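K.L.:
Below are the structure tokens for one structure; questions will follow.
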Amino acid sequence: MGDKSSDKPSSNNKMCVSNEPLHTKKQDKNSHTTWCGSVIILVNSMLGTSMFNLPLVFHQSGGVVVATAVEIIMTVPLIFLSLAFVHCARKHNCRSYQEVVCKYCGKQINALSAIMFVLLMFGLNVVLFIFIRDQWEKFLQMLQVNSVSIEFWYMDRKFITIISSIVIVLPLCFSKRIDFLKYASYVGILAAVYCVVLITVKYFTGVDGSKVGPLRHWPDRVTDIFYVVPSFSVGYQCTVTVVPVYSCTKDRDMNNNFTKAVFATFIIIFSFYTMLAIFAYLTFGSCVQSDIILAYKATPDVMAAVLSVALKVYMLFPVPLFLGRMTLEEICQKLKNMKSVGTEADSGTIEMTAENSNTCNNEPAAITSTDDKLEVRRRVMITLCWFISTLLTSLFVPDIDKVISFLGVLAVWFSFIFPGICILRYMLMYDNGYNRIDNLDSNTNDYQSLDGQTLIPSNENVLKSKCKRYAKLALPIVCIFFGMFLSVMSLVQSVMKVATINPFDAICQENINGNATIS
């Protein structure tokens, strides 16, 4: 593992990666996004529907203190996992999440990851459409409260959802490069900022006419704390986006620009999520809803928030679609390459063209007019099929909270388990310095030449190097087992959530039916 040949992609993975480093000057010239622009894209991709579901899971998990503690415990390792995952991608010019998994985990795990990844992205897009539908339903109810007739056929929530999505969302979904979405991301982030500010102001000014329930200060059962894990796993889903964003970032390795981008992203997201969840939960207590905006009384500022939330979701929708489409395109390209393996067996390589690159760093000389047309046709067909199927599915799914719970189980795999496996494999494959030390005879005091370097071995140095190496290997291993534990507990809690009724929810429902307010 310590020789130079290990740095080259194996024959099993030659269709997964390109041999040109990600940090070449030529590719930097084709990269157009500054590190600040990368922050905007990452923040917009993470500020999803789980943001407005957090007050409910704060209540379900046992209150503000417990939920915030879990959030911190999950956020800190995710920051370093994201940075380490980018380093793994940079080593072999991987331009997507699946390429990294393919390179470091092999074909079998990559196939499992691809299936789970497509399901996760598809589910996220379904949730986003459900969210849009709920926002329009709330907006129409607010219009009816203000004596506006909604009996017309064109005032139906499903009709408005379909038409508005086709007009606003669909044109954004055909982009070949993810950095194009930075312009839509500005709009989405401004909409999210307005909602956070409104919820904070409403906490201090009061919510007359809205239902308020008792607060929880501690979970009834220890396992209740895991109710918050799925929403945080979906909300802090950075690893799936960070690789394609990194590949399109200008001067990404200069002055640790991309490292600054990742840290800034998590700080912004943590601030947004924590402020919204705490102030919304303290406002409504047990009467929080899966979409917190729907809990407020119909006033002009709340109606504006409903529309801004819908706008935020419109701007977010293309991101999961883009990532899911990249995976499907890679699967199509691999199937195509498998058919051509026999004809290219003599050369032992398969040329990397723009058709299977899927990023902003394509080599124009490798693009033929035929390949370009085929790529565009495939991209359009996948986008249309994805858009139509997610839209139709969302029209028949009633509850967003339960969908997010099960999606969170998949999200844990992509946040902790798969990145942990890739980082562990990277350390085992390319940690050459430690391999040289380990090969030295710890009982001799003589000089020993290894790999062209003269080293002076000693028992103390060998012990330190081994301890340091084992400590580094322990980090991804802990993340893998931590992710597996969270995944199992989240799945159990998600099933329990579907099968049982929380007693606080029942209390709140009784008071809503009886038109009473709990203080």
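The values are calculated or read from the model by the stated rules, or taken from the named source; none is laboratory data. Since the model is a prediction, treat every value here as computed from it, not as a measurement. No Cβ is skipped: glycine too gets one built from the backbone with ideal geometry, and neighbour counts run over all protein chains shown.
K.L.:
In the stretch 290-314, which residue that is buried (at least 18 other Cβ atoms within 10 Å of the Cβ) and of a type in the set (D, E, K, R) is farthest from the chain's Cα centre (by Cα)?
P.N.:
Asp291
K.L.:
Show the residue pairs meeting these rules: Cβ distance below 6 Å; 6+ apart or different chains; first residue within the stretch 320-346 and modelled with pLDDT of 65 or more; second residue surrounded by fewer than 24 Cβ atoms within 10 Å (Cβ to Cβ) and outside any helix (DSSP H, G or I).
P.N.:
Lys334/Met15; Asn337/Met15; Asn337/Ile350
K.L.:
Here is a follow-up. Going by what's in this entry, would Leu170 be described as under 26 Å from Tyr273 (Cα atoms), buried (at least 17 other Cβ atoms within 10 Å of the Cβ) and of a type in the set (A, V, I, L, M, F, W, C)?
P.N.:
Judged against the criteria, Leu170 is not a match.
K.L.:
Quick one: which residue in Leu410, Leu392 is at pLDDT 60 or above and surrounded by fewer than 14 Cβ atoms within 10 Å (Cβ to Cβ)?
P.N.:
Leu392
K.L.:
Tell me, please, whether a residue that is in a helix (DSSP H, G or I), at pLDDT below 60 and over 20 Å from the mean Cα position of the chain (by Cα) can be found in the stretch 365-376.
P.N.:
As a first pass, look at the stretch 365-376 and keep what is in a helix (DSSP H, G or I): 365-366, 369-376.
If we keep only those that are at pLDDT below 60 as well, we get 365-366.
Filter once more, so that each one left must be over 20 Å from the mean Cα position of the chain (by Cα): 365-366.
Yes, there is a match, as at least one residue in the stretch 365-376 is in a helix (DSSP H, G or I), at pLDDT below 60 and over 20 Å from the mean Cα position of the chain (by Cα).
K.L.:
Based on this model, can you work out whether Asp431 counts as at pLDDT below 70, in contact with a helix residue (DSSP H, G or I) (Cβ under 8 Å, 6 or more places away or on another chain) and under 29 Å from Ala114 (Cβ atoms)?
P.N.:
Criteria met by Asp431.
K.L.:
Within the stretch 211-251, can you find the residues that are in contact with a strand residue (DSSP E or B) (Cβ under 7 Å, 6 or more places away or on another chain) and under 18 Å from His92 (Cα atoms)?
P.N.:
Selection gives Cys248, Thr249.
K.L.:
Right, here's the next one. Restricting to helices (runs of 4 or more DSSP H) lying wholly in the stretch 154-264: which have 2 or more residues that are without any contact (Cβ under 8 Å) to a residue 12 or more places away in the chain?
P.N.:
Numbers: elements: 157-164, 182-205, 229-235, 239-247.
So the answer is 157-164, 182-205.
K.L.:
Next question, about the same structure. Looking for whichever is under 23 Å from Val409 (Cβ atoms) and either within 20 Å of the chain's Cα centre (by Cα) or aliphatic (A, V, I, L, M) (or both) here; the options are Leu143, Leu119. Which one fits?
P.N.:
Leu119
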